[in-house]
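Inspection log for the structure reproduced underneath, given as structure tokens.
The values are calculated or read from the model by the stated rules, or taken from the named source; none is laboratory data. All values reported here derive from a predicted model rather than from experimental measurement. Backbone-built Cβ (ideal geometry, glycine too); neighbour counts: all protein chains shown. Accessible surface is based on the protein model in full, side chains and every heavy atom, while ligands, DNA and RNA are left aside. Shrake-Rupley method; radii C 1.70, N 1.55, O 1.52, S 1.80 Å.
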Amino acid sequence: MTEKNSTEDSGLQESFLSHLFELRDRIIKSVLAIIVVFVCLVYWAPDIFHLFSQPLLNALPSGGKMIVTDVTGSFFVPMKVTMLVAFLIALPVVMYQLWAFIAPGLYQHERKLIVPLVVSSYSLFIFGMAFAYFLVFPTVFEFMASYNAPLGAEMSTDIDKYLGFAMNTFLAFGLTFEVPVVVVVLVRMGMVPLAKLREIRPYVIVGAFVVSAIVTPPDVLSQLLLAIPMTLLYELGLLIARFYVPKPSDDDSDTTTKPDTQATT
């Protein structure tokens, strides 16, 4: 018995180490993909930052400019923006590496769900960032700039502070646009019944306005620009989730088609 147990322990240890080495290789490939894209884009870093800051520049008065208050800001801020763009471009590769790592441990019906989820998650995140860039930024900046004239103040924003504001806004709207994916996953995995998600709709609407009040600038307009899409996307998720409600046949197939990585007892 002791020899058998030691053999099983060594097998489990080897399996754990092999998965650890595979995870390391997947992470290295993902990082290399981001670095390669970054190196290809770094020459155009100033142009990328200019495009990135265009919504604010358009809202500034005639002759208005952004300022740099940090000695190294004029170099590192464009590099950070370029790295962000490189990450977004390489994100499909990162998602593929993640999918390739977890796919052997999934059931057959879960593997079929992964690809649509990855594609929809990436697309919705990009759409959320585009929504913030093309609609939210111009609206908020023009609204804020309108308060400077009565005060006799000149609007000059530090590029590092603008980067922080833009990153937080991109993240907020990118995650907001993932709401339909979250709803579909909750229903498809049987975590929350679709009827329950419909029942808590009023609480979700209130929560959307609370979240928007926390993550957006302190003005009603920008809060509405986040809360309303979040509510509409939740409704879209409920609509799509109708087609992903698990059926009894799915549970039966799980017992016959199990992941290859599960150990037999």
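In this structure, the amide hydrogen of residue 158, modeled 1.01 Å from its nitrogen in the peptide plane, lies closer than 5 angstrom to those of 67, counting only residues at least 5 positions away or on a different chain. Rounded to the nearest Hz, the phi-derived 3J(HN,Hα) couplings of region 55-64 under the Karplus curve 6.51 cos²θ - 1.76 cosθ + 1.60 (θ = phi - 60°) are x, 6, 4, 5, 8, 6, x, 4, x, x, where x marks glycine and proline.
Peptide packing for 163-174, 19-30 was compared via the average number of neighbouring C-beta atoms within 10 Å per residue; ordered from the highest value, the list is 163-174, 19-30. Taking only protein heavy atoms and a 1.4 Å probe, the accessible area of region 22-136 is 75% carbon and sulfur. Between residue 239 and residue 25, residue separation times 0.36 nm minus the direct Cα-Cα distance comes to 73.1 nm. Using a probe radius of 1.4 Å on heavy atoms only, what accessible surface per residue do you get for region 26-129? Whole Å² is fine. I get 58 Å² per residue for this part.
Of the peptides 88-95, 76-83, 215-222, the order by per-residue mean of other Cβ atoms within 10 Å, starting with the highest, comes out as 76-83, 88-95, 215-222. Compared with the alpha-carbon gap, the fully stretched path from residue 205 to residue 126 is longer by 26.1 nm at 0.36 nm per residue. Note on region 158-197: with neighbouring protein chains present and a 1.4 Å probe, carbon and sulfur make up 73 percent of its accessible heavy-atom surface. Could you list the residues of region 164-180 with an amide nitrogen less than 16 Å from a label point located 7 Å from the Cα of residue 76 in the Cα-to-C-beta direction? Residues passing the 16 Å test: 164-165. Phi angles of region 116-125 translate, via the Karplus equation with coefficients 6.51, -1.76, 1.60 and θ = phi - 60°, into HN-Hα couplings of x, 5, 5, 5, 5, 5, 5, 5, 5, 5 Hz per residue; Gly and Pro are given as x.
FRET efficiency for the residue 171 to residue 93 pair, using the beta carbon distance and R₀ = 22 Å, is estimated at 0.60.
With the charge dipole of region 14-85 set up from +1 on Lys and Arg Cβ and -1 on Asp and Glu Cβ about the Cα centre, the Cα lying farthest toward the positive end among the listed residues 38, 16, 56 is that of 56. Quick one: check the C-alpha center-to-center distance for region 172-212 versus region 81-105, whole angstrom. First find each Cα centre; the distance between them is then 25 Å.
Over all other residues within a Cβ to Cβ distance under 14 Å of residue 71, the charged ones net out to -3, with Lys and Arg as +1 and Asp and Glu as -1.
If you bin all the Cα-Cα distances of region 88-233 at 5 Å, starting from zero, the percentages per bin are 2, 8, 14, 17, 16, 14, 12, 8, 4, 3, 2, 1, 0. Counting charges near residue 229 (Lys, Arg +1; Asp, Glu -1) among other residues having Cβ under 13 Å from its Cβ returns a value of -2.
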